[in-house]
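Presented below is the structure to which this report refers.
The values are calculated or read from the model by the stated rules, or taken from the named source; none is laboratory data. Please read all numbers here as calculations on a predicted model, not as lab measurements. Counting neighbours? That spans all protein chains shown, and the Cβs are built from the backbone with ideal geometry, glycine included.
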Amino acid sequence: MGLTFPNPVGLAAGLDKNGEYIDALAALGFGFIEIGTVTPRPQPGNPAPRLFRLPRASALINRLGFNNRGVDYLVANVRRSSWQGVLGINIGKNFDTPVERAADDYLACLRKVYGHASYVTINISSPNTKGLRSLQEAAQLGALLAALAAERDVLASAHDKRVPLALKIAPDLDTGQVAAVADLVREYRFDAVIATNTTVDRDAVSGLAHAEEAGGLSGAPLTTKSTAVVAQLARELGSAVPVIAVGGIMSGADAAAKIAAGAALVQLYTGLVYAGPHLVDECIEALCGGSAQPVAASGSGRLESAPQRHTP
């Protein structure tokens, strides 16, 4: 991605949707932080209740629906923050924007956040915005990535810097769909793939309280499914594009398994709910032996030492 990370353990998008807690979250020791998902206009998200714990499974189900205060509010918060580390900004579409007009929303957000992000993530994989996951179909995905890649070239010239683009995908794609995603990512020169978002599969939590609630399932039941997607992407992409692994990392051993599957970096969210902030240090210890030496993202899945830390 052309970035240098103090360590390979990041915060996944969704915890700080509006970029309101960047400095506080950075104090937990993350090597990078991803904020959002943010949409062009503010929106309240889906009606409550919309977040459920399944403690016996160390899992969550959410159907938040991209609740956020809009891209202008997020950018203002980024400007106010003092942290100078690697900051990803995750962008999406408003719930009432027709899927056939989705590119307009992604382009609007990209233009607003470009000058403030270390990298930008295109979220097409939340199950909680109607029709969003249809953007993962090859024809629609190709058109979207083409539009974003072209706009990134324009913005790179205007800002005199090339900001990496990452694509976040679902764990529920079959092997053919994952292969198609990998082909398109290479074709349109995207810089990373984030695998994965939450799952709609309920087999692993069948019979538990709240298991049938609509929304995306995260936490321990997602670990195996997400790692399988990471492994396939690593095989498909080789050294061309790094994979950022997220989904069911509940321990340092889980983080190490993602790296072993071919990921270059990892991200946490639901694991923090169940394990607490010490999970960050546990994962860093598992991957780096406790070292704070910066690492560079590599498509090989290896953690490579780098000469200096990137600041946006």
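For A260, indicate whether it is within 22 Å of A26 (Cα to Cα) and in a helix (DSSP H, G or I).
Considered against the rule, which asks whether it is within 22 Å of A26 (Cα to Cα) and in a helix (DSSP H, G or I), A260 comes out as no.
Of all residues in region 1-33 being without any contact (Cβ under 8 Å) to a residue 40 or more places away in the chain and part of a loop (DSSP other than H, G, I, E, B), which is nearest to L167 (Cα to Cα)?
Looking at the filtered set, the residue picked out is D16.
With the condition kept exactly as written, say whether any residue in region 97-111 is of a type in the set (A, V, I, L, M), buried (at least 16 other Cβ atoms within 10 Å of the Cβ), within 18 Å of the chain's Cα centre (by Cα) and within 30 Å of D281 (Cβ to Cβ).
no
Starting from residues that are surrounded by fewer than 17 Cβ atoms within 10 Å (Cβ to Cβ) and without any contact (Cβ under 8 Å) to a residue 40 or more places away in the chain, keep the ones in region 66-91 and report whichever is nearest to N128 (Cα to Cα).
Result: A76.
Among (1) within 17 Å of V120 (Cβ to Cβ); (2) in contact with a Gly (Cβ under 8 Å, 6 or more places away or on another chain), where does L54 come up short?
(1)
If the requirement is being touching a Ser or Thr at 6+ places or on another chain (Cβ under 7 Å), within 24 Å of A59 (Cβ to Cβ) and of a type in the set (V, I, T), which of these qualifies: T196, T224?
Criteria check complete, one pass: T196.
Can you tell me which residues in region 10-21 are out of contact with any strand residue (DSSP E or B) (no Cβ under 6 Å at 6 or more places or on another chain) and either surrounded by fewer than 21 Cβ atoms within 10 Å (Cβ to Cβ) or of a type in the set (A, V, I, L, M) (or both)?
L15, E20, Y21
For P44, which of the numbered conditions (1) buried (at least 18 other Cβ atoms within 10 Å of the Cβ); (2) within 25 Å of D96 (Cβ to Cβ) fails to hold?
Result: P44 fails condition (1) only.
Here are some conditions: (1) in a helix (DSSP H, G or I); (2) of a type outside the set (S, T, N, Q); (3) under 22 Å from L265 (Cα atoms). A108 meets all but one. Which one does it not meet?
(3)
Please work out if L28 is more than 21 Å from L287 (Cβ to Cβ), at pLDDT 95 or above and of a type in the set (A, V, I, L, M, F, W, C).
In short, no.
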